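Visitor: Take a look at this one; I'll ask things after.
The values are calculated or read from the model by the stated rules, or taken from the named source; none is laboratory data. If you're wondering where the values come from, they're calculated on a predicted model, not measured in any experiment. Here Cβ is always computed from backbone atoms with ideal geometry, including for glycine, and neighbour counts include all displayed protein chains.
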Amino acid sequence: MDDRSTPLIDIRNLYVEYLTNRGPVRAVENVSFAVKSGEVFGLAGESACGKSTIAHAILRVLRPPAVITGGRILYKGVDVLGLERTSPEEYRNKVLGGVTRKGIGSSAELIERYRWAEVSMVFQSAMNSLNPVVKIVHQITDVLMRHLDIDRAEARRRAEELMEIVNIDKRRLEAYPHQLSGGMRQRIVIAIALALRPSLMIMDEPTTALDVVVQKDILQQIDQLKREYGFSILFITHDLSLMVEFSDRIAIMYAGEIVELAPANEILNNPLHPYTKGLLASFPSITGERVKMSGIPGAPPNLLNPPAGCRFRERCAEWTGVDIPRSPQLQEVIPDHFAACECKYGRADHA
Amino acid sequence: MPEAQMVGSSLEVRRPLLEVRHLVKRFPVGGLFGKKQLHAVTDVSFTLDRGEVVALVGESGSGKSTTARLIVRLYEPTSGEIIFDGKDILKTEPRKASLSFRGRVQMIFQDPFGSLSPNHSIGFQLERPIRIHKRARGEAAVRAKVYELLETAGLNPPEEMARKYPFELSGGQRQRVAIARALAVEPEIILADEPVSMLDVSIRMGVLNLMHRLKEERGIGFLYITHDLASARYLADRTLVMYAGHVVEAGESVDLMDNPQHPYTQLLLSAVPNPRAGLRTREVQARGEIPSLINPPPGCPFAPRCPRVMPQCRHTMPEVAQVGPDHWLRCHLFPPG
């Protein structure tokens, strides 16, 4: 299961469109990346760049008008987008390593089992995703009892354990969400995401609504839990400094496409794509000389009618005037460091 | 315009244009007969002059937005003085801020989606303050002024932008409209409450740089309210750190952030994401969150979380201690004098 050569999740040429009255919005265009087991993989970009849409596609929670129009998502070698057609035997062998578990009697149950038990998610503004009229304890035990063959007493015992893991007094299980601070609620949401020991946790802006001190505290805790339990994290945020601090590898998205993919320190120290450089120039430093920073002029394109070729061209400081008729492709400019900028790095001739 | 020039001549006195002294705001909470009070702002004092950017930083609930709202009189202060151009406006304008004050002090809000009327064109929303404050007379002059404002705020071409409605603009463009609208009355001071925190990262710098340019070219003073210390360091000449309604440390921005003295400022700075330092290098020294502001106990509000707390911290609020030419704090580790 911890085979490091095969990725935990492998996204290949994913396309997602939102069908609107004014035409399809091409939210995700030909996106490919893989998350290794035990890795923190960061997906960075501005609002509406498609990062949350990818997360929802992985968890199979995209609803119309969003439609996956192409590509594959492989989780431990199983086709996530075709779970309905996967046999329980194949799932058991590839995903569970041959172990029989509750809720995989038929293909229809596989999706239920895959969500949360294999891949869980901490949603954006998760602190408001708890049910306001249900006690914390029931919100945790509901998840446990839905998925595991355990009784209420055992579920409660595990809920107490989870509270301990995220550093909250177990007496708080009897509280309602409004009686807890934002940071505590966020910790509880993380506890619920951890409840079934998933292999992949997707965290969509998990700390954006929190104050910096609480944010740092929670991220350090997640980091510790990750090392203890060995899950992978798909970390989504617009905050590039936070992302570099927290992730092993990072993909930078712009207008639905990945424009650069590299180890975190490479993104920080040797950014190749002009958009990445612009993003880095949008975060003033908390130390050192005060220098004027430019940010990036203009605004992202409307994805109802994206420009042909490079979608960043209008805002690009390094555009050479060369016309790129098709979308630039990611290519390995230096080992393990990919960028999609044909003005600077030419066009790779790969399939 | 003539009014603004008149004001300019009083510069010789070298008194800061805006001076806030011992500002206090308590909100009654807990029902009609409740005796509980929420201490939102306690004893806040600072000055803000023309051509100066002062940042008010702190976590949510620290009282920074309330402070700005007290200055523009969206809330009535419980006590304290707001001295503007030599006059205590709480006494000279006891019931509400006068038109003349509103013409000199403007505010920009965090949410550019909520602060513009969806039913009116951008041009209309800019004309209104110009007419109300009589900054231009006659159709043509007003129109010219609207175009000039749009250009100043970087909204081009102005003729086209004036015809648009808010829904046709991006978040960054809307915040520029909000700035243009504040500029329409030719203010001397703008209070900007988290003006970029709802904007996409790549366009934040554009708005911050616009504020910087207005400070440099027009001598506008800004009170920049933010939770983002790095942007305060970038933009502000001086920074005040607020915690639970109190200003706990203040100083020249770069000096303050490079040499923080108050344990809370140190904690706040250690939590700012720093890609070069990494997540694991600096452990968070204190956990917990801002305490309840309802009938708070005496003493320093940070005492319950402070890693260096001493007995006296729990019963008396420390006095102001000077630790540098323009750097002071309130902490028992630094006795005054």
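Visitor: For residues that are within 11 Å of chain A (Cβ to nearest Cβ) and among the basic types (K, R), scanning just the range B:219-276, find the one that is nearest to A:L242 (Cα to Cα).
Guide: Restricting to residues being within 11 Å of chain A (Cβ to nearest Cβ) and among the basic types (K, R), the top hit is B:R276.
Visitor: Here's something else I'd like to know. Identify, by number, the condition in (1) within 23 Å of A:P306 (Cβ to Cβ); (2) in contact with a strand residue (DSSP E or B) (Cβ under 7 Å, 6 or more places away or on another chain); (3) not acidic (D, E) that A:A48 doesn't meet.
Guide: The failed condition is (2).
Visitor: Moving on to the next point. Going through the range A:94-108 one residue at a time, which ones are under 14 Å from A:E118 (Cα atoms) and surrounded by 11 or more Cβ atoms within 10 Å (Cβ to Cβ)?
Guide: A:K94, A:V95, A:L96, A:R101, A:K102, A:G103, A:I104
Results for (1) away from chain B (no Cβ under 14 Å); (2) in a loop (DSSP other than H, G, I, E, B); (3) at pLDDT 90 or above, shown as yes or no for each residue.
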{"site": "A:I140", "(1), (2), (3)": "yes, no, yes"}
{"site": "A:M145", "(1), (2), (3)": "yes, no, yes"}
{"site": "A:E161", "(1), (2), (3)": "yes, no, yes"}
{"site": "A:Q186", "(1), (2), (3)": "no, no, no"}
{"site": "A:P198", "(1), (2), (3)": "yes, yes, yes"}
{"site": "A:T207", "(1), (2), (3)": "no, yes, no"}
{"site": "A:I218", "(1), (2), (3)": "no, no, no"}
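Visitor: Within the range B:165-197, which residues are among the aliphatic types (A, V, I, L, M), within 23 Å of B:F124 (Cα to Cα) and within 11 Å of chain A (Cβ to nearest Cβ)?
Guide: B:L169
Visitor: Please work out which one of (1) outside any strand (DSSP E or B); (2) modelled with pLDDT of 90 or more; (3) more than 13 Å from chain B (Cβ to nearest Cβ) is the condition A:F338 fails and give its number.
Guide: Among (1) outside any strand (DSSP E or B); (2) modelled with pLDDT of 90 or more; (3) more than 13 Å from chain B (Cβ to nearest Cβ), the lone unmet condition for A:F338 is (1).
Visitor: Pairs under 9 Å by beta carbon, first residue closer than 10 Å to A:Y18 by Cα and within 14 Å of chain B (Cβ to nearest Cβ) in the range A:46-68, partner among the aromatic types (F, W, Y) and surrounded by 23 or more Cβ atoms within 10 Å (Cβ to Cβ), six or more apart or different chains?
Guide: Matching pairs, first to second residue: none at all.
Visitor: In addition: Any idea how many residues of the range B:129-187 are loosely packed, with under 14 Cβ neighbours inside 10 Å and of a type in the set (V, I, T)?
Guide: Total satisfying the criteria: 1.
Visitor: Another one. Scanning the range A:81-93 for residues that are in a helix (DSSP H, G or I) and surrounded by 14 or more Cβ atoms within 10 Å (Cβ to Cβ), which turns out nearest to the chain's Cα centre (by Cα)?
Guide: In the first step, residues of the range A:81-93 are kept if they are in a helix (DSSP H, G or I); the result is A:81-85, A:88-93.
Right, trim to surrounded by 14 or more Cβ atoms within 10 Å (Cβ to Cβ) and you get A:81, A:83, A:88, A:90-93.
Values: A:L81: 17, A:L83: 20, A:P88: 27, A:E90: 26, A:Y91: 23, A:R92: 25, A:N93: 26 Å.
Top of the filtered list is A:L81.
Visitor: A follow-up question, please. Those residues that are closer than 26 Å to A:R326 by Cβ and within 12 Å of chain B (Cβ to nearest Cβ), I need them from the range A:272-292; list them, please. Reasoning before the result, please.
Guide: Initially, the range A:272-292 is screened for residues closer than 26 Å to A:R326 by Cβ, giving A:272-279.
Residues satisfying the conditions are A:P274, A:Y275, A:T276, A:K277, A:G278, A:L279.
Visitor: Could you check the range A:241-259 and list, in sequence order, the residues that are of a type in the set (D, E, K, R) and within 12 Å of another protein chain (Cβ to nearest Cβ)? Give the derivation first.
Guide: Of the residues in the range A:241-259, the ones of a type in the set (D, E, K, R) are A:245, A:248-249, A:257.
If the condition is that a residue be of a type in the set (D, E, K, R) and within 12 Å of another protein chain (Cβ to nearest Cβ), then A:E245, A:D248 are the ones that fit.
Visitor: Just need a number here: residues in the range A:220-240 that are surrounded by fewer than 21 Cβ atoms within 10 Å (Cβ to Cβ) and either within 10 Å of another protein chain (Cβ to nearest Cβ) or assigned to a helix (DSSP H, G or I) (or both). Please lay out each step first, then the result.
Guide: Initially, the range A:220-240 is screened for residues surrounded by fewer than 21 Cβ atoms within 10 Å (Cβ to Cβ), giving A:220-221, A:223-230, A:238-239.
Pick out the ones that are also either within 10 Å of another protein chain (Cβ to nearest Cβ) or assigned to a helix (DSSP H, G or I) (or both) and you get A:220-221, A:223-229, A:238-239.
Residues flagged as surrounded by fewer than 21 Cβ atoms within 10 Å (Cβ to Cβ) and either within 10 Å of another protein chain (Cβ to nearest Cβ) or assigned to a helix (DSSP H, G or I) (or both) within the range A:220-240 amount to 11.
Visitor: Something else now. Just for the range B:78-97: of the residues that are of a type outside the set (G, A, S) and assigned to a loop (DSSP other than H, G, I, E, B), which one is farthest from B:F27 (Cα to Cα)?
Guide: Going residue by residue through the range B:78-97, those that are of a type outside the set (G, A, S) are B:78, B:81-85, B:87-96.
Filter again for assigned to a loop (DSSP other than H, G, I, E, B), leaving B:78, B:85, B:93-96.
Working: B:T78: 9, B:D85: 28, B:E93: 21, B:P94: 19, B:R95: 18, B:K96: 18 Å.
By that ranking, first place goes to B:D85.
Visitor: In the range B:116-133, is there at least one residue being within 14 Å of another protein chain (Cβ to nearest Cβ) and in contact (Cβ under 8 Å) with a residue 12 or more places away in the chain? So that I can check it myself, show each step before the final result.
Guide: Filtering the range B:116-133 for residues within 14 Å of another protein chain (Cβ to nearest Cβ) gives none.
Looking through the range B:116-133, none of the residues is within 14 Å of another protein chain (Cβ to nearest Cβ) and in contact (Cβ under 8 Å) with a residue 12 or more places away in the chain.
Visitor: A further question follows. Please state which of the following conditions B:D200 fails to meet, knowing it meets all the rest: (1) surrounded by fewer than 24 Cβ atoms within 10 Å (Cβ to Cβ); (2) more than 8 Å from chain A (Cβ to nearest Cβ).
Guide: The single condition B:D200 does not satisfy is (2).
Visitor: Can you name the residue in the range B:277-294 that is farther than 26 Å from B:V41 by Cα and either modelled with pLDDT of 65 or more or within 8 Å of another protein chain (Cβ to nearest Cβ) (or both) and, of all such residues, is surrounded by the most Cβ atoms within 10 Å (Cβ to Cβ)?
Guide: B:L279
Visitor: So which of A:M243, A:M203 is within 13 Å of the chain's Cα centre (by Cα), in a helix (DSSP H, G or I) and of a type in the set (A, V, I, L, M)? So that I can check it myself, show each step before the final result.
Guide: Numbers: A:M203 fails: in a helix (DSSP H, G or I).
That would be A:M243, the only listed residue that is within 13 Å of the chain's Cα centre (by Cα), in a helix (DSSP H, G or I) and of a type in the set (A, V, I, L, M).
Visitor: Here's a follow-up. Mind checking whether some residue in the range A:69-80 is part of a helix (DSSP H, G or I) and touching a residue at least 12 places away in the same chain (Cβ under 8 Å)?
Guide: Keep residues of the range A:69-80 that are part of a helix (DSSP H, G or I), which gives A:80.
Right, trim to touching a residue at least 12 places away in the same chain (Cβ under 8 Å) and you get A:80.
Yes: the range A:69-80 contains one or more residues that are part of a helix (DSSP H, G or I) and touching a residue at least 12 places away in the same chain (Cβ under 8 Å).
Visitor: Oh, and also: Please count how many residues of the range A:296-314 are facing chain B (nearest Cβ under 8 Å) and crowded, with 23+ Cβ neighbours inside 10 Å.
Guide: Going through the range A:296-314 one residue at a time, the tally reaches 2.
Visitor: Please work out if A:A117 is aliphatic (A, V, I, L, M) and on the phi > 0 side of the Ramachandran plot.
Guide: Numbers: aliphatic (A, V, I, L, M): yes; on the phi > 0 side of the Ramachandran plot: no.
Taking the combined requirement at face value, the residue does not satisfy it.
Visitor: If you don't mind, there's one more thing I want to ask. Scan the range A:241-296 residue by residue and report those that are at positive phi and in contact (Cβ under 8 Å) with a residue 40 or more places away in the chain.
Guide: Just the residues of the range A:241-296 that are at positive phi, to begin with: A:255-256, A:288, A:295.
Answer for the range A:241-296, where residues must be at positive phi and in contact (Cβ under 8 Å) with a residue 40 or more places away in the chain: A:A255, A:G256.
Visitor: Would it be correct to say that B:S45 is among the polar types (S, T, N, Q), under 24 Å from B:G221 (Cβ atoms) and surrounded by 22 or more Cβ atoms within 10 Å (Cβ to Cβ)? Please lay out each step first, then the result.
Guide: Details: among the polar types (S, T, N, Q): yes; under 24 Å from B:G221 (Cβ atoms): yes; surrounded by 22 or more Cβ atoms within 10 Å (Cβ to Cβ): no.
No, not satisfied.
Visitor: Answer yes or no: is there a residue in the range A:278-300 that is farther than 30 Å from A:V40 by Cβ and of a type in the set (S, T, Y).
Guide: No: the range A:278-300 contains no residue that is farther than 30 Å from A:V40 by Cβ and of a type in the set (S, T, Y).
Visitor: In the range A:112-137, how many are under 19 Å from A:R158 (Cα atoms) and part of a loop (DSSP other than H, G, I, E, B)?
Guide: Of the residues in the range A:112-137, 4 are under 19 Å from A:R158 (Cα atoms) and part of a loop (DSSP other than H, G, I, E, B).
Visitor: Could we say that A:L144 is touching a Ser or Thr at 6+ places or on another chain (Cβ under 8 Å) and either β-branched (V, I, T) or surrounded by 19 or more Cβ atoms within 10 Å (Cβ to Cβ) (or both) here?
Guide: Working: touching a Ser or Thr at 6+ places or on another chain (Cβ under 8 Å): no; either β-branched (V, I, T) or surrounded by 19 or more Cβ atoms within 10 Å (Cβ to Cβ) (or both): yes.
So A:L144 fails the test.
Visitor: Related question: State whether one or more residues within the range A:260-271 are more than 9 Å from chain B (Cβ to nearest Cβ), exposed (fewer than 13 other Cβ atoms within 10 Å of the Cβ) and of a type in the set (G, A, S).
Guide: Checking the range A:260-271: not a single residue is more than 9 Å from chain B (Cβ to nearest Cβ), exposed (fewer than 13 other Cβ atoms within 10 Å of the Cβ) and of a type in the set (G, A, S).
Visitor: Select from the range A:200-212 the residues that are crowded, with 24+ Cβ neighbours inside 10 Å and either without any contact (Cβ under 8 Å) to a residue 12 or more places away in the chain or among the β-branched types (V, I, T) (or both) and list them in ascending order.
Guide: Matches in the range A:200-212: A:I202, A:T207.
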